[in-house]
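Here is the structure we will look at.
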Amino acid sequence: MRRKRGMSEPALKIVIVARDQSSHVQKAQRRLSKILAEKDGIELVATLTTSDETIGDQDVDVALVVGGDGAILRACRWFENEQIPILGVNLGRLGFLAEIAEDDVEVILDDLVERRYSVVSHLMFECIHRQADGKESCYHGLNEAAILAGASLSLIDIELSINGTEVTTFSGDGLIVSTPVGSTAHNLSAGGPILRQDLRAFVVTPICPHTLTVRPIVDRADAEYRLTADFVPDGVMLVVDGQIRVPFSSGDEVIVREAEISFQLLRVEGYDFYGTLHRKLGWDGQPRYRRSRIPRQEH
């Protein structure tokens, strides 16, 4: 829903999240803090770094996350049940979620103050890891949960069931269960399809499948995806969003399902999903081949 500022609209309350302590992120954070603090119509509530364990109970309208898509993945897990609309400032390379370049922040400040933006809810998931010994852990994620052969350097067999119905056994280097937001991440590099970010669906993509007839599956977001494996060599890992890594062993099971919380992404006016794909993935259309300059031989 697009919001527009009224005559008596209060100042937009912004928190800067810059938890990466690398020099370029902290330099950008200091510059942005100065810009926001001097802008009429904006109240800079706080700047959060690694020294802050939680965001607390602060009243915030927008979280300006500095870094890249990885920083956004960490931020939405960090917010947990108190999801705040996130505007990503891209200091990385690709940045499908972190759309705004550092130099463009000043350009869009009036849009923020006047509420010329939309906030879109995106699917998040919870990943339950039940170990063979009875221990259980639960993780929230935005991109994907994956079981990876990793250091085992072995083919692994992963059985998939959806809503209690057995689907198939995937033999290969691993298996990815991805959200639409994550479809342009590990899923894409594994040959999976691109999904619109606002779809309510999961895509299951095998990594280097041993059987070529096995292909990615797209199914409903309100279904439950269960992954099991009877025999797992040492070195296999359960990986959530590329950031949480835990060993996956024989007899373990992983349940992936829609989370009760949703990722809130702030989009300024003019955003277009396919325009972003075109720009980020270098979709320049069919190559234009020049005619050969080799002269014909006269007969």
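Out of S171, S183, report the one residue that is within 18 Å of L73 (Cα to Cα) and either of a type in the set (S, T, Y) or in a loop (DSSP other than H, G, I, E, B) (or both). Even if it seems obvious, please write down each step before you answer.
Numbers: S171 fails: within 18 Å of L73 (Cα to Cα).
Going through S171, S183 in turn, the sole match is S183.
Of everything in the stretch 157-173, what is without any contact (Cβ under 8 Å) to a residue 60 or more places away in the chain and either closer than 20 Å to V236 by Cα or touching a strand residue (DSSP E or B) at 6+ places or on another chain (Cβ under 8 Å) (or both)? Give them in sequence order.
Residues satisfying the conditions are E166, V167, T168, T169, F170, S171, G172, D173.
Is it the case, given these coordinates, that S183 is hydroxyl-bearing (S, T, Y) and modelled with pLDDT under 95?
Working: hydroxyl-bearing (S, T, Y): yes; modelled with pLDDT under 95: no.
Taking the combined requirement at face value, the residue does not satisfy it.
Which condition breaks for I72 when tested against (1) part of a strand (DSSP E or B); (2) under 27 Å from F273 (Cβ atoms)?
(1)
Is there any pair linking a residue in the stretch 15-33 that is at negative phi to one that is outside any loop (DSSP other than H, G, I, E, B) and open to solvent by 70 Å² or more (accessible area, probe 1.4 Å), with Cβ under 8 Å and at least six apart or on different chains, and which?
Pairs that qualify, where the first residue is at negative phi and the partner is outside any loop (DSSP other than H, G, I, E, B) and open to solvent by 70 Å² or more (accessible area, probe 1.4 Å), are R19/R74.
Select from the stretch 80-98 the residues that are over 12 Å from the mean Cα position of the chain (by Cα) and without any contact (Cβ under 8 Å) to a residue 40 or more places away in the chain and list them in ascending order.
Scanning the stretch 80-98 gives E82, N90, G92, R93.
Could you list, in sequence order, the residues of the stretch 104-143 that are over 22 Å from D61 (Cα atoms) and out of contact with any Cys (no Cβ under 9 Å at 6 or more places or on another chain)?
F125, R130, Q131, A132, D133, G134, K135, E136, N143
To keep it simple, each residue is scored yes or no on (1) in a loop (DSSP other than H, G, I, E, B); (2) of a type in the set (F, W, Y); (3) in contact with a Lys or Arg (Cβ under 6 Å, 6 or more places away or on another chain).
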{"site": "Q29", "(1), (2), (3)": "no, no, no"}
{"site": "K34", "(1), (2), (3)": "no, no, no"}
{"site": "V45", "(1), (2), (3)": "no, no, yes"}
{"site": "S51", "(1), (2), (3)": "yes, no, no"}
{"site": "V60", "(1), (2), (3)": "yes, no, yes"}
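Return the only residue of S161, S189 being open to solvent by less than 40 Å² (accessible area, probe 1.4 Å) and either among the hydroxyl-bearing types (S, T, Y) or within 13 Å of the chain's Cα centre (by Cα) (or both). Walk me through it before giving the result.
Values: S189 fails: open to solvent by less than 40 Å² (accessible area, probe 1.4 Å).
None of the others qualify; the one that does is S161.
Are any residues in the stretch 201-221 surrounded by 15 or more Cβ atoms within 10 Å (Cβ to Cβ) and either in a strand (DSSP E or B) or out of contact with any Phe, Trp or Tyr (no Cβ under 8 Å at 6 or more places or on another chain) (or both), and if so, which ones?
A201, F202, V203, V204, T205, P206, I207, P216, I217, V218, D219, listed by residue number.
The values are calculated or read from the model by the stated rules, or taken from the named source; none is laboratory data. Note that the structure is a prediction, hence the values are computed from the model and not measured. Using ideal geometry, Cβ is built from the backbone for each residue, glycine included, and neighbour counts are taken over all protein chains shown. Each accessible area value is taken on the protein alone, full model and side chains, heavy atoms only, with ligands, DNA and RNA left out. Shrake-Rupley method; radii C 1.70, N 1.55, O 1.52, S 1.80 Å.
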